[in-house]
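Below is one structure, written out as structure tokens; the observations come after it.
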Amino acid sequence: MKEPLVLGIETSCDETGIGIVRGLTLLADEIATSVDEHARFGGVVPEIASRAHLEALLPTLQKACDVANIKLRDLDAVAVTAGPGLVGALLVGTSAASALALALGRPLYAVNHLAAHISVDALESGAHTEPMIALLVSGGHTSLLRVSDVTADVQPLGSTLDDAAGEAFDKVARLLGLPFPGGPEIDRIASTGDRSSISFPRGFTSAKDQAAHSLDFSFSGLKTAVARYVEGLIREKRVVDVPAIAASFQEAVVDVLIEKALRACAQEGIDRLLIGGGVAANSRLRSVARERCEHAGIQLAIPRPGLCTDNGAMVATLGSLAMARDRPATALGFASSPGLPVTKALI
Ligand code: KG4
Ligand code: ZN
């Protein structure tokens with residue numbers, strides 16, 4: 001028997017993503033982004049994102065079907081991001097998915113965006129890798145998770161108590177005068193800077209913080225330290241060496257993320273680490289993770305950069321895993337959930 005053909009729809013932020021998988025084989029991964037429309041505001045404007053999803057959804061769906069060489073009636077299931085995310089943006093995807101599932105008479109799986117970021121690795125590593133520790137690093141979330149079953153059992157071990165890692169990248173980029181979104185800009189410009197030139201603080205790594213916040217993160221102190229450093233240079237009329245500041249900031253973020261991820265592996269006795277979410281596309285994070293995991297004997301999985309940032313393939317993957325593991329489909333008429341907790345993989 002052929003494995004099920006699953007469509008995934010992602011509209012939680014500024015990317016309209018449509019993915020199609022057969023089992024765990026990727027057939028199409030089409031993305032339309034409204035990022036350029038938000039750039040002049042320095043952040044995602046929810047109303048603009050919702051309208052852009054409305055305009056992009058059907059053409060992107062058509063393109064994905066063409067690339068996968070399928071018709072909508074061939075689909076066995078429809079999966080969609082139910083949350084967390086921007087409420088208006090989510091509604092565009094969940095309405096479209098509900099309409100498709102109803103019209104086609106196929107099951108609908110309303111899934112968690114964060115669990116989808118983790119599940120997408122199954123396209124590259126297969127589904128046999130649980131339990132694992134997941135480091136989830138995106139624009140809105142930064143967490144360490146124990147993943148026993150990505151469709152049903154995701155337990156938080158620690159998270160950021162203030163800014164998310166991606167948010168820190170975006171805010172620091174802004175104060176360095178780099179365009180939005182700042183993560184890829186810092187990644188690019190940092191490659192030309194000296195990462196050991198400035199010693200920025202590593203949040204929650206002091207002996208005192210270890211007891212209470214061993215697997216938690218804090219990036220707001222780091223962001224403030226970069227701001228003070230730049231202000232000091234300007235006050236003293238000294239040159240602002242943007243590549244060196246970007247590289248040193250990036251090093252501080254990466255250092256803490258990987259140190260705590262390895263600590264989580266040791267604490268839980270799990271020798272497999274997965275890193276997912278937009279910040280996992282960061283080139284320095286990827287190389288430090290590879291180096292330190294090899295040294296610690298930890299098996300590392302990081303999806304290719306295009307699967308780390310928001311996409312529809314990850315949603316289709318989680319839908320496909322939900323089907324394969326006989327999880328109940330979502331009742332039509334479900335409500336999208338802007339604040340969906342990471343522990344709830346499916347609605
Ligand atoms: O997962 P994602 O695409 O969307 C959310 O679910 O939030 O993550 C977006 C975040 C943004 O903050 C963006 O600046 C960051 O991921 N990001 C990066 C890189 N590419 C995207 N951060 C650092 N380096 C990158 N190469
Ligand atoms: Zn995301």
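One table, with the values for the structure above:
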| read-out | value |
| --- | --- |
| Partners for LYS63 among lysines (Cα-Cα distance below 21 Å; same-chain residues under 8 apart left out) | LYS71 |
| Charge dipole (debye, nearest 20) of the range 209-336; +1 at Cβ of Lys and Arg, -1 at Cβ of Asp and Glu | 240 |
| Residues HIS213, HIS295, HIS53, HIS128, sorted so that the one with the fewest Cβ neighbours within 10 Å comes first | HIS128, HIS295, HIS213, HIS53 |
| Unit charges at the beta carbon, dipole of the range 132-306: most positive-side option, LEU145, PHE169, ILE198 | ILE198 |
| The range 132-306 - charge dipole about Cα centre, Lys and Arg +1 at Cβ, Asp and Glu -1, debye rounded to 20 | 360 |
| Exposure proxy order (Cβ contacts within 10 Å, fewest to most) of GLU231, GLU236 | GLU236, GLU231 |
| Size of charge dipole - the chain - debye, nearest 20, with Cβ of Lys, Arg +1 and Asp, Glu -1, no other charges | 200 |
| Share antiparallel - DSSP beta bridges, the chain, percent rounded to 5 | 60 |
| Mean-position separation - Cα centroids, the range 159-182 and the range 216-251, in angstrom | 12 |
| Spatial separation of Cα centroids for the range 301-347 and the range 72-124, in angstrom | 7 |
| Descending principal axes extents, the range 76-212, alpha-carbon based, whole Å | 60, 36, 28 |
| In degrees, nearest ten, helix 165-175 long axis to first principal axis of the chain (Cα) | 50 |
| Protection-proxy order for peptides 330-338, 216-224, each taking the mean of Cβ atoms within 10 Å per residue, highest first | 216-224, 330-338 |
| Spatially proximal lysines relative to LYS260 (Cα-Cα < 23 Å; intrachain offsets below 8 disregarded) | LYS171, LYS208, LYS223 |
| Dipole of the range 1-72, positive direction: furthest Cα of SER12, GLY23, LEU57, with charges on the beta-carbon | GLY23 |
| In sequence order, calculated HN-Hα J values of the range 278-294 (Karplus, 6.51, -1.76, 1.60; Hz; x Gly/Pro) | x, 5, 5, 6, 5, 5, 5, 4, 5, 6, 5, 4, 4, 4, 6, 5, 4 |
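Computed from the coordinates by the stated procedures, all read-outs in this text should not be read as laboratory data. Owing to the predicted nature of the structure, the values given are computational and were not obtained by experimental measurement. Here Cβ is always computed from backbone atoms with ideal geometry, including for glycine, and neighbour counts include all displayed protein chains.
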